[in-house]
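Just below is one structure, and these are the notes that go with it.
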Amino acid sequence: MANDAPSEAPPPARGGDIVYRHRIATRVWHWINALSLFVMLMSGLMIFNAHPHLYWGKYGANFDHSWLDITPGHLRVGPLHIPTPGLLGVTPHGGRFVAFPPWATIPAHYNLAGARQWHFAFAWLLVVPGLLYWAWGFASRHFQRDLAPRAAELKPSHLLHDIGQHVRLRFPTGEAARRYNILQKIAYLSVLFVLLPGVVLTGLTMSPAMDAAWPWLPALFGGRPSARSIHFLCAMGFVLFIAVHLLMVVLAGPFNEVRSMLTGRYRLPREKGE
């Protein structure tokens with residue numbers, strides 16, 4: 001005889017359980033983003049090599065005052081001077097001086113036209129899937145349900161506690177590991193709604209054709225030189241995010257983390273003593 005009584009809610013997952021963690025849309029967008037950002041960052045550094053100086057305002061040329069310069073073996077950021085022998089401002093194999101060395105750029109040899117072709121081609125791979133992911137994220141309520149911070153998570157005490165736990169390499173375990181923690185939420189929301197729009201809009205602002213079609217773009221950023229500076233800072237924000245992201249993957253267990261982004265399946269870390 002069938003049991004008509006309401007079934008009990010399933011017990012929460014425990015450490016060691018394999019759970020479904022990432023939807024396919026998130027996984028596909030993650031890997032497309034990884035490829036497009038890798039190529040765009042490296043080709044962007046080659047484009048930067050053509051004029052390794054950054055400015056604020058409406059004017060930026062050789063004799064204008066810059067806030068960042070890379071010169072042979074030397075980096076200047078405002079009043080701060082940093083020696084960078086062999087790292088930035090190099091002359092590889094007796095060739096042309098470049099701000100970023102060949103191992104960090106696409107193409108590896110100085111080629112402004114080639115770098116622009118790589119950059120613009122992969123810009124489409126960044127923007128179109130990004131817009132689709134935005135639409136899916138709002139329509140499925142993934143952003144609202146999984147990434148929007150709760151009021152309690154934004155309390156200073158909670159933020160400091162999470163920072164302290166990460167500094168001590170004490171990562172969430174059991175059922176808590178199924179959800180994004182507040183530091184992950186802040187990082188992913190910053191990428192989705194600050195860095196990505198910032199890098200796309202400033203990139204468009206540096207195009208004379210787009211400035212003619214949308215004159216509000218250079219006004220929005222205070223001029224094309226300012227847009228170039230913001231574009232560079234957004235790119236460095238991506239570099240910082242990727243570095244921290246990869247470090248966390250290694251520390252949290254690379255096999256489990258990479259598997260979850262390939263298959264969606266994730267083994268919840270066990271509590272100590274389990």
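The values are calculated or read from the model by the stated rules, or taken from the named source; none is laboratory data. Note that the structure is predicted; figures quoted are calculated from it, not measured. Positions of Cβ are generated from backbone atoms using ideal geometry, with glycine treated the same way; all protein chains shown enter the neighbour counts. Just the protein is used for accessible areas: all its heavy atoms, side chains included, with ligands, DNA and RNA removed. Shrake-Rupley method; radii C 1.70, N 1.55, O 1.52, S 1.80 Å.
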Would you confirm whether any residue within segment 178-185 is open to solvent by 50 Å² or more (accessible area, probe 1.4 Å), touching a strand residue (DSSP E or B) at 6+ places or on another chain (Cβ under 7 Å) and part of a helix (DSSP H, G or I)? yes
Counted residues, segment 194-211 - those being touching a residue at least 40 places away in the same chain (Cβ under 8 Å) and not hydrophobic (A, V, I, L, M, F, W, C): 1
Filter segment 95-108 for residues that are open to solvent by 30 Å² or more (accessible area, probe 1.4 Å) and more than 18 Å from residue 37 (Cα to Cα); which is modelled with the highest pLDDT? 97
Could you say whether any residue in segment 41-51 is crowded, with 20+ Cβ neighbours inside 10 Å, hydroxyl-bearing (Ser, Thr, Tyr), part of a loop (DSSP other than H, G, I, E, B) and within 24 Å of the chain's Cα centre (by Cα)? no
In segment 24-41, is there at least one residue being touching a Phe, Trp or Tyr at 6+ places or on another chain (Cβ under 9 Å), over 22 Å from residue 131 (Cα atoms) and not β-branched (Val, Ile, Thr)? no
In segment 167-177, how many are surrounded by fewer than 16 Cβ atoms within 10 Å (Cβ to Cβ) and assigned to a helix (DSSP H, G or I)? 3
Residue hits (segment 196-247; over 16 Å from the mean Cα position of the chain (by Cα), among the small types (Gly, Ala, Ser) and outside any loop (DSSP other than H, G, I, E, B)) are 209, 212, 213, 219, 226, 227, 229
In segment 198-247, what count of residues is obtained for those that are among the aliphatic types (A, V, I, L, M) and in contact with a His (Cβ under 8 Å, 6 or more places away or on another chain)? 2
Here are some residues: 224, 179, 141. Which one is modelled with pLDDT of 90 or more and farther than 28 Å from residue 68 by Cβ? 141
Could you list, in sequence order, the residues of segment 109-135 that are surrounded by fewer than 16 Cβ atoms within 10 Å (Cβ to Cβ) and not in a helix (DSSP H, G or I)? 109
I'd like to know if segment 80-91 contains one or more residues that are at positive phi and open to solvent by 40 Å² or more (accessible area, probe 1.4 Å). yes
Exception for residue 270 within (1) exposed (fewer than 15 other Cβ atoms within 10 Å of the Cβ); (2) in contact (Cβ under 8 Å) with a residue 24 or more places away in the chain; (3) in a helix (DSSP H, G or I) falls at (3)
Quick check on segment 57-72. Is at least one of its residues farther than 30 Å from residue 211 by Cα, part of a loop (DSSP other than H, G, I, E, B) and open to solvent by 20 Å² or more (accessible area, probe 1.4 Å)? yes
